[in-house]
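Structure, as structure tokens:
The values are calculated or read from the model by the stated rules, or taken from the named source; none is laboratory data. What you see is a predicted model, and the numbers here were worked out from it, not measured in a lab. Here the Cβ is made from the backbone with ideal geometry for all residues, glycine too, and neighbour counts use every protein chain on show. All accessible areas refer to the heavy atoms of the entire protein, side chains included, with ligands and DNA or RNA removed. Shrake-Rupley method; radii C 1.70, N 1.55, O 1.52, S 1.80 Å.
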Amino acid sequence: MRALKLLFYSRSGQSSRWIEALHQALPGAEIRLYGEATSDWQADYALLWQPPPELLRSQRRLRGIFNLGAGVDALLANPGLPEEVPIYKLRDAGMAAWMLDYIRYGLLHFGRDMDRYREQQRLRCWQPREIGHRAQWPVGVLGLGALGSEIAAALSVEGYSVSGWSRTPKSIPGVDCYAGETTLAPFLSRCRVLVSILPATVDTRHLLNLERLQRLPEGAVVISCGRGEVLDSQALLALLDSHHLRGALLDVFEQEPLPTDSPLYDNERLIITPHISAPTPIEGAIEQIVEGIGRLESGAPLPAVDRQRGY
């Protein structure tokens with residue numbers, strides 16, 4: 001492989017770890033942080049997470065942009081993004097294992113009645129509850145991309161009755177797969193736990209609105225760890241207040257950080273976490289990026305993000 005020039009930018013605060021790992025994986029490459037790149041220095045590839053528009057405008061010879069995460073909505077909305085440069089996203093790279101643990105926590109929290117025991121503690125009440133079998137907790141995974149497919153398959157193996165929904169047909173062993181707009185209502189109607197892993201696109205914004213959330217059975221639970229734009233939070237609050245929904249575990253929001261005056265903080269039926277369900281594993285991500293660059297440099301095809309679909 002020829003000597004490459006790579007430009008790196010991330011708002012995660014872990015730039016030094018990324019740069020060190022990149023030097024180990026690509027010892028012959030010239031790797032610069034955005035602040036170190038002079039106006040006449042042009043990179044071959046950019047490895048980015050939520051870059052400023054000026055960065056993208058300053059680089060005029062990019063052969064590809066690698067997004068340092070699974071979601072590309074912020075990058076696609078960047079006003080400096082050049083139209084002609086292909087975008088490549090991480091596909092799992094170890095994030096599914098982290099997200100699966102997060103979802104397991106939500107399933108255990110509600111499945112073992114920890115929300116109700118918390119209330120009993122407040123009331124100084126000692127009342128054991130019967131433990132139900134996992135098969136009594138039908139789980140629906142909304143979004144069957146790389147992460148969703150792996151998570152749905154794993155939960156099925158663990159004894160949950162699992163269904164999945166996607167816009168295009170998928171086949172996953174042990175998972176009852178639904179596809180297309182017309183199947184969304186029957187899919188939701190069978191979900192005692194709905195796990196949203198959909199990306200943020202024009203088509204998915206507020207997909208989970210009041211009408212669709214009402215399709216969930218009474219007492220259902222929502223776990224949201226894909227993109228916050230998918231879920232209408234006002235509709236969620238209304239259904240929690242009416243007791244149609246039992247509770248929710250939310251990791252992603254339309255505005256992040258979640259504003260301090262958000263009513264979501266005040267609802268005792270909600271568990272809120274600050275977008276931590278699936279951090280990008282540096283080593284796994286770099287392994288995938290290096291492989292991708294190698295394919296591009298050799299002339300082999302590498303699937304790029306469909307900008308119209310948003311993923």
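Residue-by-condition table, conditions (1) touching a Phe, Trp or Tyr at 6+ places or on another chain (Cβ under 6 Å); (2) in a helix (DSSP H, G or I); (3) open to solvent by 60 Å² or more (accessible area, probe 1.4 Å):
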| residue | (1), (2), (3) |
| --- | --- |
| Leu6 | yes, no, no |
| Tyr9 | yes, no, no |
| Arg17 | no, yes, yes |
| Glu20 | no, yes, yes |
| Leu56 | no, yes, no |
| Gly71 | no, no, no |
| Pro79 | no, no, yes |
| Arg91 | no, no, yes |
*Evaluate region 117-128: report whether one residue or more is part of a loop (DSSP other than H, G, I, E, B), within 24 Å of Val202 (Cα to Cα) and either more than 21 Å from the chain's Cα centre (by Cα) or among the small types (Gly, Ala, Ser) (or both).*
no
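Rundown of residues vs (1) in contact (Cβ under 8 Å) with a residue 40 or more places away in the chain; (2) farther than 21 Å from Glu254 by Cα; (3) in contact with an Asp or Glu (Cβ under 7 Å, 6 or more places away or on another chain); (4) not polar (S, T, N, Q), yes/no style:
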| position | (1), (2), (3), (4) |
| --- | --- |
| Trp49 | yes, no, no, yes |
| Gln59 | yes, yes, no, no |
| Ala74 | no, no, no, yes |
| Gly80 | no, yes, yes, yes |
| Ala96 | yes, yes, yes, yes |
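Yes or no: Leu26 touching a helix residue (DSSP H, G or I) at 6+ places or on another chain (Cβ under 9 Å), at negative phi, modelled with pLDDT under 95 and not aromatic (Phe, Trp, Tyr)? Steps first, answer last, please.
Numbers: touching a helix residue (DSSP H, G or I) at 6+ places or on another chain (Cβ under 9 Å): yes; at negative phi: yes; modelled with pLDDT under 95: no; not aromatic (Phe, Trp, Tyr): yes.
Taking the combined requirement at face value, the residue does not satisfy it.
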*Quick check, is Thr280 surrounded by 11 or more Cβ atoms within 10 Å (Cβ to Cβ) and modelled with pLDDT under 95?*
yes
*Could you tell me which residue of region 149-198 is surrounded by the most Cβ atoms within 10 Å (Cβ to Cβ), considering only residues that are under 17 Å from the mean Cα position of the chain (by Cα) and assigned to a loop (DSSP other than H, G, I, E, B)?*
Ile197
